[in-house]
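The values are calculated or read from the model by the stated rules, or taken from the named source; none is laboratory data. In this text, all values refer to a predicted model and were calculated from it rather than measured experimentally. In this analysis, Cβ positions are derived from the backbone assuming ideal geometry, glycine residues included, and neighbour counts consider all displayed protein chains. Just so you know, the surface numbers come from the protein's heavy atoms only, side chains and all, with ligands and any DNA or RNA stripped out. Shrake-Rupley method; radii C 1.70, N 1.55, O 1.52, S 1.80 Å.
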Amino acid sequence: MPSKLAALNRWVDDVAKRTRPDHVHWCDGSQAEYDQLVDAMLKTGDLIELNQQTHPRCYLHRSDPQDVARVEQLTVICSKNKDDAGPNNIWMDPAEAHAKIDALFEGCMAGRTLYVIPYCMGPLGSPLSRCGVEITDSPYVVANMRIMTRMGTAAQERIEREGTFIKALHSIGELDPERRWIMHFPEELTIKSFGSGYGGNALLGKKCHALRIGSYQARIEGWLAEHMLIVGIENPRHEIRYVAAAFPSACGKTNLSMLIPPEGYQRDGWKVWTVGDDICWMRPGKDGRLYAINPEAGYFGVAPGTSKKTNPNALAMLQHDTIFTNVAVTADNQPWWEGLDDRKPVKDWQGRDYDPANGPAAHPNSRFTVRANQCPSWSPEAESDQGVPIDAIVFGGRRGSVVPLVFEARDWTHGVLIGASMASETTAAATDVGVPIRRDPMAMKPFCGYNYGDYFAHWLSFDQPGAKLPKVYQVNWFRKSSDGKFLWPGFGDNMRVLEWMLKRVAGDAGAIETPIGNLPSADDLNLDGLHLSDGALDELFRVDSAEWRAEEAAVGEYLASYGSHIPDALLAEHQRVVAALDAETDVSAMPRRAAAS
Ligand code: OXD
Ligand code: MN
């Protein structure tokens, strides 16, 4: 028997009986196995060799043009009770869902190899880690899982010791969008995904396990599975404090996780360490602090916009041992994407001769898959079994107006309200009047595996006697002037905002109390060497009471849509903010009174 665990052998046998593959291969996760897979994919054309002089061991995968992104309308949560999935999810009855998707799996691996991938999300020895087994018929998925997770023999051994694992079944099927489902059965700790090879739909350890099933498990077991990056900020005294930050897609999460501080900061000895760029699992430690691990071992990042200016660390890590998906190529066969540099691509993401009339050369959601430790700012603490202590949690979104550059929650409950109120613009527009925003609490809208109301209650439950919880912040790097220009330079200069937060944590910085939370005054932020346009600072920190009353009215309506699942304490906190705003005639007339640090 391939595994010492009967339940695992039985599941693999059952799947093989249904899907009828020509071969079954148990992955050991070795370099030799990876190399063989790559060789085979180069022969079939699943991978294309890139310029091996400039980019050793880098390959390009061109996906089916209809299979380039997550599919939220086909992503379902199949809990026994509809109410448990909540209005934030598309729900399907588990029996109906199994029947629907099992019919698609019938005989789907004929002529193919069934790969069994035992994987561990998180360091192999960590009590915070959780394991799963993915079955797939896609060698591209196996290669990506080897980069993104700890997979193979060692993970299998942990699964055999523990006796439990998430069952994650995947087939690319015929890549037919009409025969595609991404299904989650939280109570059965099972995922079934059919008809897509795209990362978020097919690398089942990532969004499906680490967030949707993970959030469900976390609620039962008393921890948090979050859509957050984790960074360590080292100060000139060589103290490192860790920050976890949630942002919806396309808000610069990968860039923030790999930030290079402005020159003056570097001279003074500041440094940023990358622990994770997308997912964070956190649990209270014995000392009452929250300890976090990055369950992933690699980055599956968006390529367009990555450049020497926006993210030099990412660019450095992408020079070797990287799988690119749906990028363009230059005349000398190097990977290329919009925003990289001034070179001209010759082939677009579909392999056609590049013609601007066909749209961007690289698909806007083209990706790189790369081992985390290739990043120059990679933190060795990413391998720590106990995780890193989190001192600050940051919630961010893309808001052209209303939301100031940064503000601090008064306490944990207020912080949970700030997270629950998160929203982000869905489109970029020249001016921001009327830009639609989508409510995306804790940036988990596509990823929370159960009812958001219950999720907020779970967040509130961490406020226990003896808990030393992180301070909570909201940031907005994207506020614009009335003529549509970004007011804040962003990127490395975001360090200035992080420094203020960490000084607050240490009790070393001031703040001004307002009804929405505590804001820094201009004197509290280090603005040395920064040239902001006239009036930018005032606008960045302007809190307009009329705008905020409208904002909180929208938040109130949103919270009400979760009915009785919304915890009373969250509604009471919302009422407190509304009442404070109502009492204010002109909030923008700051400062009011200094907040306690
Ligand atoms: C991602 C996403 O791919 O959030 O990380 O969509
Ligand atoms: Mn993400």
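May I ask you to derive the relative contact order of the chain, considering only C-alpha pairs under 8 Å and at least 6 residues apart, and to give it as an integer percent?
Across the chain, relative contact order equals 14 percent.
Structural descriptor for the stretch 331-465: relative contact order 14 percent, calculated from alpha carbon pairs under 8 angstrom and at least 6 residues apart. Compared with the dominant Cα axis of the chain, that is its longest principal axis, helix 94-105 is turned about 50°. The angle separating the long axis of helix 568-582 from the principal Cα axis of greatest extent in the chain is about 40 degrees. All other residues with a Cβ under 15 Å from the Cβ of Ala85 taken together, and with Lys, Arg as +1 and Asp, Glu as -1, what is their net charge? With Lys, Arg at +1 and Asp, Glu at -1, the net is -3. The heavy atoms of Arg289 present about 70 square angstrom of accessible area, all protein chains included, probe 1.4 Å. Taking a virtual spin label 7 Å from the Cα of Arg10 along the C-beta vector, which residues in the stretch 173-198 bring their backbone nitrogen under 17 Å of it? Counting backbone N atoms under 17 Å from the label point, the list is 188-190.
Classify the chain as rounded, prolate or oblate, taking a ≥ b ≥ c as the square roots of the eigenvalues of its Cα gyration tensor: rounded when a/c is under 1.5, otherwise prolate if a/b is larger than b/c and oblate if not.
On the way: a/c = 1.71, a/b = 1.39, b/c = 1.24.
Note, shape of the chain comes out prolate.
Evaluated at q = 0.15 Å⁻¹, a Debye calculation over the C-alpha positions of the stretch 440-597 (equal weights, vacuum) places log10 I(q)/I(0) at -1.04. Between the stretch 458-532 and the stretch 287-323, the C-alpha centres lie 23 angstrom from each other.
Taking the helices alone, the chain has a mean residue ellipticity at 222 nm of -7500 deg cm²/dmol, built from -39,500 (n - 2.57) per DSSP H run of at least 4 residues and averaged over all its residues. Only protein atoms count toward the accessible area here, which uses a 1.4 Å probe; on the chain, the carbon and sulfur part of that area reaches 51 percent. Computed over protein heavy atoms with a 1.4 angstrom probe, the accessible surface ordering of Glu381, Glu513, largest first, is Glu381, Glu513.
Relative to its residue count, the stretch 200-266 spans a Cα convex hull of 109 Å³ per residue. Per-residue surface analysis assigns Arg496 an accessible area of about 10 Å², computed on protein heavy atoms at 1.4 Å probe radius. Could you let me know the centre-to-centre spacing of the stretch 194-237 and the stretch 245-263, using Cα atoms, in angstrom? Answer, in whole Å: 17. Antiparallel as a % of all DSSP beta bridges within the chain, to the nearest 5? Here the antiparallel bridges make up roughly 65 percent for the chain. Against the chain, whose longest principal axis comes from its Cα atoms, helix 6-19 is set at around 70 degrees.
Let me make sure I get this right: for the stretch 345-423, a, b and c are the square roots of the gyration tensor eigenvalues over alpha carbons, sorted descending. Under 1.5 in a/c it's rounded, otherwise prolate if a/b > b/c, else oblate. Which is it?
Details: a/c = 4.03, a/b = 1.53, b/c = 2.63.
The shape class here is oblate.
If R0 is taken as 41 Å, the Cβ-Cβ distance between Glu239 and Ala357 corresponds to a FRET efficiency of 0.15. Our summary gives the stretch 306-397 a relative contact order of 29 percent, counting only alpha carbon pairs under 8 angstrom and 6 or more residues apart. The residues of the stretch 191-257 present an accessible area of 23 Å² per residue when probed at 1.4 Å with all protein chains retained.
At 1.4 Å probe size, put Ser521, Ser377, Ser533 in order of accessible surface, largest to smallest.
Values: Ser521 30, Ser377 5, Ser533 75 Å².
Ranked from most to least accessible, the order is Ser533, Ser521, Ser377.
Just to verify a number: FRET efficiency for Gln266 and Asp508, C-beta to C-beta distance, R0 = 22 Å, to 0.05? My answer for the efficiency is 0.60. Ranked by the mean number of other Cβ atoms within 10 Å of their residues, highest first, the peptides 385-398, 92-105, 170-183 fall in the order 385-398, 170-183, 92-105. Is the shape of the stretch 174-304 rounded, prolate or oblate, going by the alpha carbon gyration tensor and its root eigenvalues a ≥ b ≥ c, with a/c under 1.5 for rounded and a/b larger than b/c for prolate? Oblate, because a/c is 1.5 or more while a/b does not exceed b/c.
List the trypsin sites (Lys or Arg not before Pro) in the stretch 445-489 that DSSP assigns to loop (not H, G, I, E or B) and whose Cβ has at most 11 other Cβ atoms within 10 Å. Which are they? If you can, show how the numbers build up before the last one.
Details: sites: Lys468, Lys471, Arg479, Lys480, Lys485; in loops: Lys468, Arg479, Lys485.
Of the trypsin sites (Lys or Arg not before Pro), the ones in loops of the stretch 445-489 whose Cβ has at most 11 other Cβ atoms within 10 Å are Lys485.
I'd like to check one number: the per residue accessible area of the stretch 365-407, probe 1.4 Å, reported in Å² as a whole number. Before the final figure, lay out each step's value.
Details: 1120 Å² over 43 residues.
Result: 26 Å² per residue.
Could you order Glu584, Glu573 by accessible surface area, starting with the largest, using a probe radius of 1.4 Å? If you can, show how the numbers build up before the last one.
Details: Glu584 30, Glu573 5 Å².
Descending order: Glu584, Glu573.
Per-residue SASA remark: Thr426, around 80 Å² accessible (1.4 Å probe; ligands, DNA and RNA not included).
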